[in-house]
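Read the structure below first, then the notes.
The values are calculated or read from the model by the stated rules, or taken from the named source; none is laboratory data. Keep in mind that what you see is a predicted model, and the values were worked out from it rather than measured. So basically every Cβ, Gly included, is an ideal-geometry build from the backbone, and we count neighbours across all protein chains shown. Please note that ligands, DNA and RNA were not included when accessible areas were found on the heavy atoms of the full protein model with its side chains. Shrake-Rupley method; radii C 1.70, N 1.55, O 1.52, S 1.80 Å.
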Amino acid sequence: MYEIVGKRELAPKIKLFEVNAPEMAEKARPGQFLIIIIDEKGERIPLTVAGYDAEKGTISFAFNEVGKTTKQLGCLKVGDSVQSITGPLGNPSDIRNFGRALCMAGGVMIAPMLLQVRALREAGNKITVVVGARIKELLFYEKEMKDLSDEFYVATDDGSKGYKGLDFLKEILSKQKFDRCVAWGPVVMMKNVCEITKPFGVPTVVTLTPIMIDGMGMCGVCRVTVGGKMKFGCVDGPEFDGHLVDFDGLINRQRMFLPEERLSSLLWELQGGCSCGGK
Amino acid sequence: MAESKPKPKIKKEAEPMPKQKPEVRRKNFNEVALGYSEEQAKTEANRCLQCPKPQCVTGCPVEISIPEFIKLLREGKYEEAAKKIKEKNSLPAVCGRVCPQEEQCQKFCILGKVGEPVSIGRLERWLADWERKRGNVKKPDDPPPTGKKVAVIGAGPAGLTAAADLAKLGHKAVIFEALHLPGGVLVYGIPEFRLPKSIVRAEADYVQSLGADLKLGYLIGRIHTIPELLKTGFDAVFIGTGAGLPAFLGVLGEHLGGIYSANEFLIRVNLMKAYAFPFYDTPIRIGKHVVVIGGGNVATDSARSALRLGAEEVCIVYRRSREEMPARKEEIENAEEEGILCKFLANPTRFIGDEKGWVKQMECICMELGPPDESGRRRPVPVKGSEFTMDVDTVVVAVGRTPNPIIQSTTEGLAVTKWGTIVADENGKTSIEGVYAGGDIVTGEATVISAMGAGKKAARAIHEYLMQEK
Ligand SMILES: Cc1cc2nc3c(=O)[nH]c(=O)nc-3n(C[C@H](O)[C@H](O)[C@H](O)COP(=O)(O)OP(=O)(O)OC[C@H]3O[C@@H](n4cnc5c(N)ncnc54)[C@H](O)[C@@H]3O)c2cc1C
Ligand SMILES: Cc1cc2nc3c(=O)[nH]c(=O)nc-3n(C[C@H](O)[C@H](O)[C@H](O)COP(=O)(O)OP(=O)(O)OC[C@H]3O[C@@H](n4cnc5c(N)ncnc54)[C@H](O)[C@@H]3O)c2cc1C
Ligand code: SF4
Ligand code: SF4
Ligand code: FES
């Protein structure tokens, strides 16, 4: 059992949990992920490491409430526990002094990106950060990101704050040369970023979120096509060279269980959702 | 061969195993084989000749004193009989169910020369079930502690056996298991209808009751490495991480929706209990026309699970012929009784998807058997121009599994073969002092009982290693 010791709402339906897990707190690195199981009947869901504190012995993750499991998780309170956490899993991000780095984070992935930005900064990089969301209400960590970056931009899909869409990136990219781009967010956003950076020849790393079960190479459900080859998202990734990823294939596989997911979510809400899930 | 003349009264046929009827069991996940009644167990036990030089024992990798436990059983001393088995085997209810007995102990039973061998496995199962149902599983007295600590990596049959034997010798065994439940293939691979998970759980609990600690959700190599374990208080390490990586066919279209590796399919169904979705959260989708590619236990298990999940038609497609199928005979028969179809001498060449990225057809090529290959089996070769297509909406690829690689890549100095298995001698000793390995991680895909035998030998070798140290 892993006890929740901190809970914060970062934006509507986006929550950050801090849990007691001393051994993981010592081992986790930016870019890795955890697999969480809420209870006996729960599924295994992967969430990216969004923080660790070896002294306190805690580890954090942020999640978007999209379906049954994440909604149920969101109902838990400080003092509650989840049945199981496995991690850290996957390869840590490549952190070194690349020179000038462009860090793009969309939606819930802004939370783990903060760790990456901090690490890249400590490694000596000059950093441009872009945070994006669908609408301005879903943005968070603007101040934290701004404090860590040399240049800082905001973008929203509807233009309610900062730039509208991602086209402005072309301007930034033509003004100065970047040695690395890290893009974490919804698959469609990562796909768009890769299309924009490719002509500029900026090496671009993305983090892939295929459906996973074990997260340690045993089931193959997380297979993705990268550079024409089959890779396992959990052990070969989760980060890959974005210019080689078959994003459309990934999107297709992510939708595999859509009808079942809807059913699961609906049933949970019919049974009263939060009121029973919160114990 | 013992010279004892079979007495005229010897019953040549073994007691039959009561089973759920095929038309009933194909719709549920309950155990197929129901187990002997007390009377049947006694009748079967009475067939044993109590050979002075029992050949059956030579066929058991964990060295169970077979005639002795059978004798106790027929005298009605069930508790002592169960204890006799557990001197050597900590997972009797598991072995009694999934051991390939016909290739192990029973192959050597003298009665096999005149009729059917004694059903040793079924008797073992009956005793283990009797003890568990009685709710009072006896364990041996605690040994004096040696003060030595051993890390056991993986809670499959190899790891559980090693941990149990080490604990019985007074060492502190700590099992690190990457998944959230113990058992390895017993819990994530072999289906409920052949091996109920409550039984795996009970036997894993028994191993813990002997004094072994179980830590779940620890992927060694990521959270701790073997060198770190040796530095932080462990005197020795046993690696029993198994062969859990799924192999794919490497043909076009394998990324399509509806195509599962057997591991994914079975993990969803067994470990995550997707057959009870949405009561359990992990989903599975099963179509009308299911094909399973492969010919081993994994293929028959997948096919029979698919049927129980509601498929209209399930067909096993295998590239060799029936004679070469590596699955247990009993399980192939069970599968056929349930209505599973088989297509031999065919191999998929590509999968064709619909506009939504879901598989709709499979193209295959016919095979013929050529001269034998290294394994001694006749090699299948494609027949030019013989391609044909089948309409399918669910595919399970069960063409083999390779060793889990994380330990090998994070342990400097650990010798590994070109197949990725760990190099170990017959006692499990690896190239690193104090580090032992056994089970599928050393042999490649094998059996539950051979993994347990390896765990047992390694525990003995670790014990010698630890006790010679000053
Ligand atoms: C390596 C990795 C890191 C991730 N990090 C984060 C993160 O930091 N924060 C965050 O909010 N989300 C993250 N995700 C996505 C997150 O795992 C899914 O949102 C979550 O599993 C949805 O579960 P659900 O039951 O609430 O929703 P569902 O209704 O079951 O699913 C909604 C969608 O989530 C995806 N999904 C469903 N089940 C899984 C699964 N077992 N594994 C992966 N994706 C699944 C599917 O595309 C599905 O359509 C990550 C995914 C991966 C693979
Ligand atoms: C579907 C199926 C059906 C089968 N049917 C039969 C049968 O009827 N009879 C029979 O005799 N055999 C059968 N087998 C084969 C048999 O199950 C295996 O040979 C046996 O389980 C091997 O045992 P093991 O302990 O070596 O490995 P496993 O059972 O694979 O256990 C290894 C364990 O180690 C864990 N692990 C892996 N890496 C790490 C790590 N880095 N850190 C921590 N833990 C780790 C895994 O999660 C797993 O729990 C079957 C196999 C399958 C897949
Ligand atoms: S453990 Fe297996 S081989 Fe040994 S006696 Fe039991 S069934 Fe036979
Ligand atoms: S089981 Fe068979 S070989 Fe073993 S003692 Fe009995 S009759 Fe002899
Ligand atoms: S999640 Fe199972 S292999 Fe990657």
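Couple of notes before you dig in:
- Consider region B:265-286 and keep the residues that are away from ligand 1 (no atom under 16 Å from the Cβ) and modelled with pLDDT of 90 or more. The one that is nearest to A:LEU258 (Cα to Cα) is B:ILE286.
- The lone exception for B:GLU79 - which of (1) more than 10 Å from ligand 4 (Cβ to nearest atom); (2) open to solvent by less than 30 Å² (accessible area, probe 1.4 Å) it fails: (2)
- One residue from B:GLY211, B:GLY240 being at positive phi and touching a residue at least 60 places away in the same chain (Cβ under 8 Å): B:GLY211
- Selected residue [closer than 22 Å to A:CYS234 by Cβ and more than 16 Å from ligand 5 (Cβ to nearest atom)] from B:LEU256, B:LEU245, B:LEU307: B:LEU256
Yes/no per residue for (1) more than 28 Å from B:LEU219 (Cβ to Cβ); (2) not assigned by TED's automatic domain parsing to the domain that holds A:LEU166:
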{"position": "A:ARG96", "(1), (2)": "no, yes"}
{"position": "A:GLY106", "(1), (2)": "yes, no"}
{"position": "A:ALA111", "(1), (2)": "no, no"}
{"position": "A:GLU122", "(1), (2)": "no, no"}
{"position": "A:ASN125", "(1), (2)": "yes, no"}
{"position": "A:THR128", "(1), (2)": "yes, no"}
{"position": "A:GLY132", "(1), (2)": "yes, no"}
{"position": "A:LEU139", "(1), (2)": "yes, no"}
{"position": "A:GLU142", "(1), (2)": "yes, no"}
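- Residue in region B:342-359 that is open to solvent by less than 50 Å² (accessible area, probe 1.4 Å), more than 26 Å from A:SER265 (Cβ to Cβ) and of a type in the set (Gly, Ala, Ser) present: yes
- Some residue of region B:329-337 being more than 16 Å from ligand 2 (Cβ to nearest atom) and either among the β-branched types (Val, Ile, Thr) or surrounded by 21 or more Cβ atoms within 10 Å (Cβ to Cβ) (or both): no
- The numbered conditions (1) touching a residue at least 60 places away in the same chain (Cβ under 8 Å); (2) open to solvent by less than 60 Å² (accessible area, probe 1.4 Å); (3) within 16 Å of ligand 4 (Cβ to nearest atom) are all true for B:GLN101 except (1).
- The lone exception for A:GLU171 - which of (1) open to solvent by 40 Å² or more (accessible area, probe 1.4 Å); (2) within 16 Å of ligand 1 (Cβ to nearest atom); (3) among the acidic types (Asp, Glu) it fails: (2)
- Just one of the listed residues (B:GLU228, B:GLU254) is more than 8 Å from chain A (Cβ to nearest Cβ) and either farther than 28 Å from B:GLU355 by Cα or not hydroxyl-bearing (Ser, Thr, Tyr) (or both), and it is B:GLU228.
- Qualifying residue in region A:59-70 (condition: within 12 Å of another protein chain (Cβ to nearest Cβ), open to solvent by 30 Å² or more (accessible area, probe 1.4 Å) and out of contact with any Ser or Thr (no Cβ under 6 Å at 6 or more places or on another chain)): no
- Residue ranges of helices (runs of 4 or more DSSP H) in region A:167-279 with at least 3 members within 14 Å of another protein chain (Cβ to nearest Cβ), more than 30 Å from B:VAL395 (Cβ to Cβ) and more than 16 Å from ligand 2 (Cβ to nearest atom): A:258-270
- Listed conditions (1) in contact (Cβ under 8 Å) with a residue 40 or more places away in the chain; (2) more than 25 Å from B:PRO100 (Cα to Cα) are all met by B:GLU330, apart from (2).
- Checked against (1) in contact with a helix residue (DSSP H, G or I) (Cβ under 8 Å, 6 or more places away or on another chain); (2) assigned to a strand (DSSP E or B), B:ALA327 meets all criteria but (2).
- The residues on offer are B:ARG74, B:ARG26, and the sole one that is within 23 Å of the chain's Cα centre (by Cα) and either more than 24 Å from B:ALA451 (Cα to Cα) or polar (S, T, N, Q) (or both) is B:ARG26.
- Listed by position, the strands (runs of 3 or more DSSP E) enclosed by region B:342-461 that each have at least 1 residues that are more than 14 Å from chain A (Cβ to nearest Cβ) and farther than 30 Å from B:LEU166 by Cβ are B:346-353, B:359-372, B:378-382, B:388-391.
- Residue within region B:298-317 that is open to solvent by 10 Å² or more (accessible area, probe 1.4 Å) and within 22 Å of A:ILE45 (Cα to Cα) present: no
- Criterion: within 12 Å of ligand 2 (Cβ to nearest atom) and open to solvent by 10 Å² or more (accessible area, probe 1.4 Å) - qualifying residue of B:VAL423, B:VAL448, B:VAL396, B:VAL381: B:VAL448
- Hey, A:GLY87 within 30 Å of A:ASP167 (Cα to Cα) and outside any loop (DSSP other than H, G, I, E, B) or not: no
- Residue in region A:143-161 that is under 22 Å from A:LEU47 (Cβ atoms), away from every other protein chain (no Cβ under 14 Å) and within 16 Å of ligand 1 (Cβ to nearest atom) present: no
Every residue, every condition in (1) farther than 22 Å from B:MET272 by Cβ; (2) surrounded by 21 or more Cβ atoms within 10 Å (Cβ to Cβ), yes or no:
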residue: A:GLU40; (1), (2): no, no
residue: A:PRO46; (1), (2): no, yes
residue: A:ALA54; (1), (2): yes, no
residue: A:GLY57; (1), (2): yes, no
residue: A:LEU73; (1), (2): no, yes
residue: A:LYS77; (1), (2): yes, no
residue: A:GLN83; (1), (2): no, no
residue: A:GLY87; (1), (2): no, yes
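- Among the residues of region B:255-274, those that are farther than 13 Å from B:ARG285 by Cα and in contact (Cβ under 8 Å) with a residue 12 or more places away in the chain comprise B:LEU256, B:SER261, B:ALA262, B:ASN263, B:ILE267, B:ASN270, B:LEU271.
Conditions tested, residue by residue: (1) farther than 30 Å from B:VAL383 by Cα; (2) more than 23 Å from the chain's Cα centre (by Cα).
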| residue | (1), (2) |
| --- | --- |
| B:HIS224 | yes, yes |
| B:LYS231 | yes, yes |
| B:VAL237 | yes, no |
| B:ALA247 | no, no |
| B:GLY250 | no, yes |
| B:GLY253 | no, yes |
| B:ASN270 | yes, no |
| B:PHE279 | yes, yes |
| B:ALA311 | yes, yes |
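- Test result for A:LYS126, closer than 20 Å to A:ILE4 by Cα and more than 16 Å from the chain's Cα centre (by Cα): no
- Residue within region B:139-154 that is touching a His at 6+ places or on another chain (Cβ under 6 Å) and not in a loop (DSSP other than H, G, I, E, B) present: yes
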